[in-house]
Amino acid sequence: MKILGIESSCDETAAALVDYTGGRFSVLSNVVASQIEIHKKTKGVVPEVAARCHVEAIIPVIKEAMQNETKPDAIAITKGPGLVTSLRIGVDTARTLSFFWGVPMIGVNHLEGHIYASVLQNTAIEFPALCLVVSGGHTELVLMKKHLDYKIIGETRDDAAGEAFDKVAKILDLGYPGGPEISKLAKEGNPKAIDFPRPMIDSKDFDFSFSGLKTAVLYYVKNLKPKTYNLKPDICASFEQAVVDVLVAKTICAAKKYKVKTVILGGGVSANQRLRDELSKAVKNLLPTSHSLLPSLKYTTDNAAMIATVGVFHAINKNFISWEKIDVDPNLSL
Amino acid sequence: MSIKKYKQRNKETKKQRNKEIKKQRKEFESHGEKETRQYAAGFVKKLNGGEILILEGELGSGKSTFVRGLGKALGIKKTMRSPTFTLMNVYKISGKSKIKNFIHVDAYRLCSVQDLRNIGLFEYIGNKDTVIAIEWGEKLKSLFKKLDLILIKFKHGESESCRLIIN
């Protein structure tokens, strides 16, 4: 079965062709046209600009992804959550292709995509599974009892983890997006140099809060005496450590409570090396009967291979939708 | 009267008037998140519906905390997450209050009024049962000229927990 995935929920226009034969996934093509360079100027995605870039990129991207194939068996498309103007372009393009090729459509939640990104390594998910989805817009702990069955057991009460990275990068005058810039500097810094707060680390629930941590960094920077040496690497390393500590602690705590067999990491922040290392280490040491599943780096950021992968599972369950009925939902939840 | 003198006098009356406006402006000093939320709850009593609040202030100056306080006092029970990524969060309010919708917008990444239209905010502007709070809205201020706006400024205070809210 060959599924064409299309993704345009934020600032990446992406298409991918994924083949599923004999229980194994293979990515035949994975094309991403990124707008990061364009949005660097505004330090964030401008909706109108993003939508125009999607319009320009989407047909060439799909054409490249389709290679020499005539048509896929189904089209998996991100229908939400995201920017409504960006989503619309992906959905309308997919709808046209669905009509033209006469193939069914599958509406995919963007977050499902991030959860299933690590499945592309052909390691099966053992249930129950717990997934930590961390990105610029999301910080969620999702419990899965079977495929495509999601229950959010914890989420951020204010800012997403990725958002905290972006805002701290702004405080420190680093570039956009903030995550990679902070991680780069953090490598040269001491993660124990500054004792930033670990918000809600001892709370009984599995919710997160990162707004106060950002403010703590802001005041630390404001109160610095005229700088005699460059403290940025230490600030970055200590901040990153604080975020990772909270994410790992809550994930492990939830994994123990629900006795999960697999701990999955997904979303843009899953590219963070400190988070990857510490989460897999914690799972290995503290949850001997579970294993961790990390997406390979190329599938951490927004891409369509992960959307097509989810599409495979929906196709097995025959969750198809016709081109007349599919619609975007900018506030879609799992 | 010479032109010079006229200009001089004009300048002085202007100064006087500005001073009076400043006096009328209320400044509130908050000493923590709780006080900011309480202040917001008091502010809600003055709202009749149809208002657009423009919140101006640096990162971490208390805008989001204030908005969460507003929402809670209006009767929103859902977690009010940051709209930085989604740009606009819409909350429905059930109950007796005549305010039925509360809209939380983050305009940090927006450039024009067209952007506000694109995200769907225009459906709510002018509705008597809706209150709109726009963070980083100062850059859209001039474009909103025809509308009645309430400007609220946020500043960092002297100590780490202290914030100034100027209404």
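Where a number appears in this text, it was derived from the coordinates with a stated rule and is not lab data. Not measured: the values here are computed from a predicted model. Cβ atoms come from the backbone with ideal geometry, glycine included; neighbour counts cover every protein chain shown.
When you scan the range A:199-206, do you find a residue that is within 21 Å of the chain's Cα centre (by Cα), over 21 Å from B:GLY62 (Cβ atoms) and surrounded by fewer than 22 Cβ atoms within 10 Å (Cβ to Cβ), even just one? Within the range A:199-206, one or more residues are within 21 Å of the chain's Cα centre (by Cα), over 21 Å from B:GLY62 (Cβ atoms) and surrounded by fewer than 22 Cβ atoms within 10 Å (Cβ to Cβ). Number of residues in the range A:283-332 that are within 14 Å of the chain's Cα centre (by Cα) and assigned to a loop (DSSP other than H, G, I, E, B): the value is 8. Of all the residues in the range A:214-254, those that are more than 21 Å from the chain's Cα centre (by Cα) and more than 10 Å from chain B (Cβ to nearest Cβ) number 17. Taking the range A:142-173 as the range and being more than 14 Å from chain B (Cβ to nearest Cβ) and of a type outside the set (Phe, Trp, Tyr) as the test, the residues that pass are A:VAL142, A:LEU143, A:MET144, A:LYS145, A:LYS146, A:HIS147, A:LEU148, A:ASP149, A:LYS151.
Taken over the range A:264-282, the criterion of being over 15 Å from the mean Cα position of the chain (by Cα) and either without any contact (Cβ under 8 Å) to a residue 12 or more places away in the chain or crowded, with 24+ Cβ neighbours inside 10 Å (or both) is satisfied by A:ASP277, A:LYS281.
The lone criterion from (1) in contact (Cβ under 8 Å) with a residue 60 or more places away in the chain; (2) more than 12 Å from A:ILE6 (Cβ to Cβ); (3) in contact with a Ser or Thr (Cβ under 9 Å, 6 or more places away or on another chain); (4) away from chain B (no Cβ under 14 Å) left unmet by A:ASP73 is number (3).
The one condition from (1) part of a helix (DSSP H, G or I); (2) away from every other protein chain (no Cβ under 14 Å); (3) among the charged types (D, E, K, R) that A:GLU188 does not meet is (1). The helices (runs of 4 or more DSSP H) found wholly in the range A:43-118 and carrying at least 3 residues that are surrounded by fewer than 22 Cβ atoms within 10 Å (Cβ to Cβ) occupy A:47-66, A:84-101. In the range B:113-124, which residue that is surrounded by 14 or more Cβ atoms within 10 Å (Cβ to Cβ) and either touching an Asp or Glu at 6+ places or on another chain (Cβ under 7 Å) or closer than 13 Å to B:ILE99 by Cα (or both) is farthest from the other protein chains (Cβ to nearest Cβ)? So, considering only residues that are surrounded by 14 or more Cβ atoms within 10 Å (Cβ to Cβ) and either touching an Asp or Glu at 6+ places or on another chain (Cβ under 7 Å) or closer than 13 Å to B:ILE99 by Cα (or both), the one farthest from the other protein chains (Cβ to nearest Cβ) is B:TYR124.
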